[in-house]
């Protein structure tokens, strides 16, 4: 069981528990400090602890114990701030969107930071904010520079399917656990969470599924390979079929939705003994 | 086990690089996404909208220098010669 399900799932997957979308959960995210008028917000919590540069220097110096300590501290800091997220396949995303309200399409912060991409029109938005926090978007004019486009559940699902077709991984983000406040469309290396997870192994949970290939149906066309953002999928030259490294698979399901022949399916992680507790 | 390796040192002359979010040449040419542009904000200003055309509102850094291959494309494309890369 992933730690989010353990703490907030109440017997089910945490993001299918309607409680975690509830308005009053939003209040709980920063008890005592988070609600001082205009000061309240995602940036209330000061960053502390080791930085990425500390990690790089530890790697340069070959200090394995130090590397492990920094990664652990970063992971703990993420959890303490109630941040973090998990990869969600398209089918689960459809169910998740039915539970959240309101839903607003917004500009992606990672693409802004790493590629200086300024999404200024409604047709360009590649990120989604959810929950009552979105109603206060005007308080953060820098974050929501391009504005917010509020959509209903059907429009949100349609948008999400379109993004899936384009090849984006769906990440569900916590904003003060267990409150679910963001739903991102990500790729490697532009997404900070995916990049930290793939390069260093912290900050993001793998999804509740693992992809598998049916060799009888796969014809080795390779369409799925370009859709894997985690480097888990390649063409096995020997038998000319798609090959998935299930230990590297994040269960995003992009290979599944990209396969015209239906040769790839998603298995439940908990049913696979060796993978049941592989979350990073 | 991570294999130790010395990463290139990238220095950005902040006095020369004043409007990185407007210029964005290095950010968009880098094949390894080494650079990052962030708004510069005092605590009391964190709710303000920043104009990318104003000097010093955004600052450029190179947080993922571990990914730098020293291809020097950023140096070639920088209009103000603000980037310096040292190979360790």
Quiz item: Which residue out of A:176, A:207 is buried (at least 19 other Cβ atoms within 10 Å of the Cβ), in contact (Cβ under 8 Å) with a residue 40 or more places away in the chain and under 12 Å from the mean Cα position of the chain (by Cα)?
Solution: A:207
Self-check item: Of the criteria (1) assigned to a helix (DSSP H, G or I); (2) modelled with pLDDT of 95 or more; (3) under 19 Å from the mean Cα position of the chain (by Cα), which one residue A:69 fails
Solution: (3)
Quiz item: Would you pick out the residues in the stretch A:236-247 that are surrounded by fewer than 16 Cβ atoms within 10 Å (Cβ to Cβ) and farther than 20 Å from residue A:268 by Cα?
Solution: A:236, A:237, A:238, A:239, A:240
Self-check item: Count - residues of the stretch B:57-88 that are outside any loop (DSSP other than H, G, I, E, B) and either closer than 15 Å to residue B:36 by Cα or within 14 Å of another protein chain (Cβ to nearest Cβ) (or both)
Solution: 11
Exercise. Can you tell me which residue within the stretch A:129-144, out of those that are assigned to a helix (DSSP H, G or I) and modelled with pLDDT of 85 or more, is surrounded by the fewest Cβ atoms within 10 Å (Cβ to Cβ)?
Key: A:138
Quiz item: Identify, please: which residue in the stretch A:103-125 is in a loop (DSSP other than H, G, I, E, B) and free of Cβ contacts under 8 Å to residues at least 12 places away in the same chain and is, among those, nearest to residue B:23 (Cα to Cα)?
Solution: A:116
Quiz item: For the stretch B:20-56, which residues satisfy the criterion of being more than 8 Å from chain A (Cβ to nearest Cβ), over 26 Å from residue A:138 (Cβ atoms) and either part of a loop (DSSP other than H, G, I, E, B) or free of Cβ contacts under 8 Å to residues at least 12 places away in the same chain (or both)?
Solution: B:30, B:31, B:34, B:55
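Yes/no matrix, rows are residues, columns are (1) more than 11 Å from every other protein chain (Cβ to nearest Cβ); (2) assigned to a helix (DSSP H, G or I):
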| position | (1), (2) |
| --- | --- |
| A:157 | yes, yes |
| A:160 | yes, yes |
| A:176 | yes, no |
| A:189 | no, no |
| A:198 | yes, yes |
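The values are calculated or read from the model by the stated rules, or taken from the named source; none is laboratory data. Small disclaimer: the values here were computed from a predicted structure and weren't measured. A quick note on method: Cβ atoms are made from the backbone with ideal geometry, for glycine too, and the neighbour counts reach across all protein chains shown.
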